[in-house]
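Worksheet: one structure, shown below.
The values are calculated or read from the model by the stated rules, or taken from the named source; none is laboratory data. For clarity, every value in this text was computed on a predicted model and none was experimentally measured. No Cβ is skipped: glycine too gets one built from the backbone with ideal geometry, and neighbour counts run over all protein chains shown. Calculation scope for accessible area: heavy atoms of the full protein, side chains included, ligands and nucleic acids excluded. Shrake-Rupley method; radii C 1.70, N 1.55, O 1.52, S 1.80 Å.
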Amino acid sequence: MAKPDYFKWAEELLDPAKTFEKPEALADIKIVELCTLILGPSLPSYLSEFGATVFKVELPGMGDTMRSLTPFAKFFKGAALGWQKEARNKYHITIDVHAEEGKELFKELVKRSDVVVENLRAGTMDRWGIGYRQLKEINPRIIYIALNGFGQWGPYLERPSYDAIAQSESGMAWITGFPDKLPLKSGIWLADYYGGLMGAVGVLAALTYRDKTGKGQYIEFSQAENLIRAMDWTWLYQHLTGKQRERYGNRDVSICPADIFHCKDELVAIAAATDEQFKGLCQAMGRPELAEDPRFSTHLERLKEENAVELLKIVASWASEKTYEEIDKLACEYGFAANKVSNSKDHFYDEHLRKRNFTYVVNDPIYGEVTIEGIAPKLSETPGRIRWLGKPVGLDNEYVFKRFLGLKTSKIKELQEKKVIGKWADQIGRKPPEDWDGKRGVILFNK
Amino acid sequence: MTEQKEISWGDWIKAHDDPADNRKKPEALDHITVLDCSYANIAGCFATSVLSEFGAEVIRIEPPEGDPARTFTPWGLTHKDTGLGYLNEGRNKFHITLDLSKPEGQDIFKKLAKNVDIVVETYKPGQMDEWGIGYRDLQKLNPGIIYCAIYTYGQFGPKASCGKADVDIVDQAYSGITAVTGELPDDPDNPKPSEVPTKQGNWMGWYAGGGWAATAILAALHFRNLTGKGQFIDVSPAEAFGRCINYGLTYYQEFKEVIPRVGNYDVGVFPYTYFKCKDGFAFLSGFSDINWKALCTIINRPDLQQQYPTIFDRLNLDNMKVMYKEIEKWTMEHTYDEIYEAVMDYNKNIGEGVVVPGRISAPMETMKAENWWVRMTFEKIDDPYYDELVIANQPWKMTESPPRVKWVCRPVGADNEYVYNVKFGWGPEQLKELKEKGVI
């Protein structure tokens, strides 16, 4: 249907190979991050891909707890995999903000920045004297976002939170999984990653407002509330019917057919969301008459429980006799939706995802070539990019304190002696890899 | 400055960001106009919901017979002819009809696009271009335009032209996240039907796609503020959701293995999972060494702490199963409230390390919990057409330009009269003519 040259044109326009020839959308934005784990840190990480300069502030020595978080305690060249991915593109500095001089240093950074991101318990920053009330006095243009489980006020204020708690308190875990099993936690830190993402939307909306008015503002963000917002028809359904939404396995009860099926060699998601797609699926199954069957001829009819169960049986039985390759070919030809349940190995070898910079090879100054989940949206004028991954604790102290705060070498030494700033502890996940030469990755290295 | 000493942080911030006062405050995007041509796709609808909640004027363009997404609803249930999934994402938008496949519809679309800031569409790649209203054409009329196209396989790359449809479940399957979500078989030789890779219950692929689309659009808007330049944005909901994976590609590169799915365990932290208790389920965590020690103290099992003293001892699947059973012995003897009290009492009074407890809430309990009503997470909206409905608000509470929901949805073509009048000065005569031609 597309004009013959459309894909050539699109590829030319969006070609990831030209990324570094193009400017970045947020090149003028500086972000100070005082966060741990994922909910907070993922937000500046997303914005860093659009060119924001991010100062990740950690405690000297041990740094972020995330530096220990890696599957089965298996490290990648001495770095935790959970850490390395979301610490991408950031400048890694340390400040002990409990110390007076640390607070001053932190404030100096904020004075020169546009955004502050923190995910501490409600009120902690305020108690430390570096909360929004204090920072807006020194920088009225600051956009300050605080992310946590339940927000800054309200009956749940005292409750600590984690990703898994946001998943369970929202009801998200309850509606995920199979009816005969326990409510299911996502295999990823969903409330964290998707929380950071929507947090970024809030920051960018505030930035648009600041572009227009010059005013900064405070943004309060609860990761549980964010999941509640993403639970599509749950609340309208409960309000209108008085019935509770349960979990229905892999079947989507609001689109039919849409389920995950066993074919001969793979698990494959198959769906048809419109009458046109459904007709295509019926033809592909060699059953064009089904599209005319009164039980299936409109989507609202197909969705009725008895019809849906019948239809899913027909699709399941058809799929079980096909290979994934056969199903995929038919989906392309007839325009319904189908894809196998893909894992990281599939992504690693997927030429399509490599071409699109999702499967991204970072040329990291310290760790070398690292393949990682890369860029989600492709922008024609200001494409996203990754320059480096997580670095050892405090590696960028000298560079940041000199270039952005103008500190003298002697001052940096003094702060280091007072332990206000400092480098890594001698522990895995904190220090450079074994083969590090003392130079790789250091900006402003002295011979 | 004296104010700060007198008023606690919680009271101060509530006085400044309570959503009850949202409607008195200005809006971040009230200078922005958006054309939303989403078709059978909630990712596009969600992206423009976000923009509309921040105040953008969003004109939702449907074919004259309505968007098929209006039928995405559990068991076919509709409310005043609209499915519940669509009803939830119609918020604040003007709904008009326009047949983009007809030359006259295309002309009208071009006239609209000339004066807008953003276009969002979810057709198969090249469809809008084929109709002469893709980015190539619009860019000439409106160089500042930000054009966002959403599709599972994107606008370029070997699979972009495959022709397959974009449906949430397929976005989830392709994202890599379904593969790591779900129960591991108890008996690998005899797996139960439920012990398979499992999707999120909600349209998580589409919501992640819409979320990334909104992020990219707003970043592009900032760039346009600086340079005057618009651009083309290509979002794949599968990649958008896949970007949220904990780790996968680097693990494969280094160890040539894929992360297994481990049910409610977590391959990077333990304990961090749901336990059965006397009257339901409880979440408990204590994964850093000091927090693990705290948990073992609370359940009075110092032996467990000694047996598995470091994070590294606790990240072994076999050890996890042993520890899980031992912790569950304790949780099964208590109700959720008792567990919560015991843990919070420790946190408050002993406080060496922190254990985090949580409740597994059924969605009906969530909707009844006072907390979410006090915070206006849920809000009753008296919609002019759909009457009283309960909606979930956006998670941002903001001091200056907070989001808000003004109306929930509109029927097909309900705003034709207003939008075509305000944009083109057309009246009943012109609309009648277009209707007769089947253009609107």
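Remark: mean inter-chain Cβ contacts per residue of B:354-360 equal 6, using a 10 Å Cβ-Cβ cutoff to other protein chain atoms.
Please figure out what share of the DSSP beta bridges in chain B is antiparallel and state it in percent, rounded to the nearest 5.
The antiparallel proportion sits near 45 percent.
Note on B:Ile96: accessible area is roughly 0 Å² with a 1.4 Å probe, heavy atoms of protein only.
May I ask you to compute the full-extension gain from B:Gln306 to B:Glu65, defined as 0.36 nm times their residue separation minus their alpha-carbon distance, rounded to one decimal in nm?
80.0 nm
Sequence-ordered 3J(HN,Hα) estimates for segment B:230-240 from the Karplus curve with 6.51, -1.76 and 1.60 and θ = phi - 60° stand at x, 6, 9, 10, 10, 10, 9, x, 5, 6, 4 Hz, glycine and proline given as x. Projected label points at B:Lys278 and A:Asp180, each 7 Å from Cα along the beta carbon direction, are separated by 3.1 nanometres. List the residues whose amide H sits under 5 Å from the amide H of A:Leu267, counting only those 5 or more places along or on another chain, with H placed 1.01 Å from N in the peptide plane. Residues meeting the criterion, in which the H sits 1.01 Å from N, are A:Val341.
Here the spin labels are modelled as points 7 Å beyond Cα on the Cα-Cβ line, and at B:Lys329 and B:Asp313 they lie 1.7 nm apart.
Residues of segment A:266-292 that bury at least 20 Å² of accessible area when the other protein chains are present, relative to the chain alone (probe 1.4 Å, heavy atoms, ligands and nucleic acids excluded): A:Leu267, A:Ala269, A:Ala271, A:Ala273, A:Thr274, A:Gln277.
For segment B:315-440, the relative contact order comes to 10 percent (Cα pairs under 8 Å, sequence separation of at least 6). Working from label points 7 Å from Cα in the Cα-to-Cβ sense, the B:Asp11 to B:Glu257 distance is 5.6 nm.
Using a 1.4 Å probe over the heavy atoms of the protein chains, calculate the carbon and sulfur portion of the accessible area of segment B:186-341 as a whole percent.
Working: 2650 of 5340 Å².
Here it works out to 50 percent.
When accessible surface is computed with a 1.4 Å probe, chains B and A are found to bury approximately 17100 Å² between them, both chains counted.
When peptides B:194-202, B:37-45 are sorted by average Cβ neighbour count within 10 Å, with the highest value leading, the order is B:37-45, B:194-202. Here the relative contact order of chain A, from alpha carbon pairs under 8 Å that lie six or more residues apart, stands at 21 percent. Backbone N atoms of segment B:377-417 closer than 15 Å to the 7 Å Cα→Cβ label point of B:Thr78 belong to residues B:386, B:410-414. Centre-to-centre separation between the Cα atoms of segment B:178-240 and those of segment A:407-431: 39 Å.
Take each residue in B:229-241, count the other chain C-beta atoms within 10 Å of its C-beta, and the mean is 6.
Take every DSSP beta bridge whose two residues both sit in the protein assembly as shown; close to 45 percent of them are antiparallel.
Computed from backbone phi with θ = phi - 60° and the Karplus coefficients 6.51, -1.76 and 1.60, the 3J(HN,Hα) list for segment B:290-306 is 5, 6, 5, 4, 4, 4, 4, 5, 4, 8, 6, 10, x, 4, 5, 4, 5 Hz; x is used for glycine and proline. Which residues' amide hydrogens lie under 5 Å from the amide hydrogen of B:Cys277, considering only partners 5 or more residues apart or on another chain, with H built in the peptide plane? Under 5 Å from the amide H of B:Cys277 lie the amide H atoms of B:Ala282, each far enough along the sequence or on another chain. Per residue, the average separation of C-alpha pairs within less than 8 Å and at least 6 apart gives segment B:230-307 a relative contact order of 13 percent. Shielding value for A:391-401 is 0, the average number of Cβ atoms from other chains within 10 Å of each residue's Cβ. FRET efficiency for A:Glu289 and B:Asp387, Cβ-Cβ distance as r, R0 = 60 Å, nearest 0.05? That gives a FRET efficiency of 0.90. With a Förster radius of 45 Å applied to the beta-carbon distance between B:Lys321 and A:Glu333, the computed FRET efficiency rounds to 0.45.
The amide H of B:Val58, built 1.01 Å from its N in the peptide plane, has B:Val34, B:Phe94 as neighbours under 5 Å, considering only residues 5 or more places off or on other chains.
Can you bin segment B:272-360 into rounded, prolate or oblate? Criterion: square roots of the alpha carbon gyration tensor eigenvalues sorted a ≥ b ≥ c, rounded for a/c under 1.5, prolate for a/b above b/c, oblate for the rest. Judged from the Cα gyration tensor, segment B:272-360 comes out oblate (a/c at least 1.5, b/c at or above a/b). Restricting the chymotrypsin sites (Phe, Trp or Tyr not before Pro) of segment A:372-447 to loop positions (DSSP other than H, G, I, E, B) with no more than 14 neighbouring Cβ atoms within 10 Å leaves A:Phe445.
Determine, from the Cβ-Cβ distance of B:Lys423 and A:Met62 and an R0 of 45 Å, the FRET efficiency 1/(1 + (r/R0)^6), rounded to the nearest 0.05. Don't jump to the answer; show the numbers that get you there.
Numbers: r = 59 Å, r/R0 = 1.31.
It comes out at approximately 0.15.
For B:Arg359, neighbours were defined as the other residues whose beta-carbon sits under 11 Å from its Cβ, and their charges (Lys and Arg +1, Asp and Glu -1) total -3. Rolling a 1.4 Å probe over the protein chains gives B:Arg410 an accessible area of about 60 Å².
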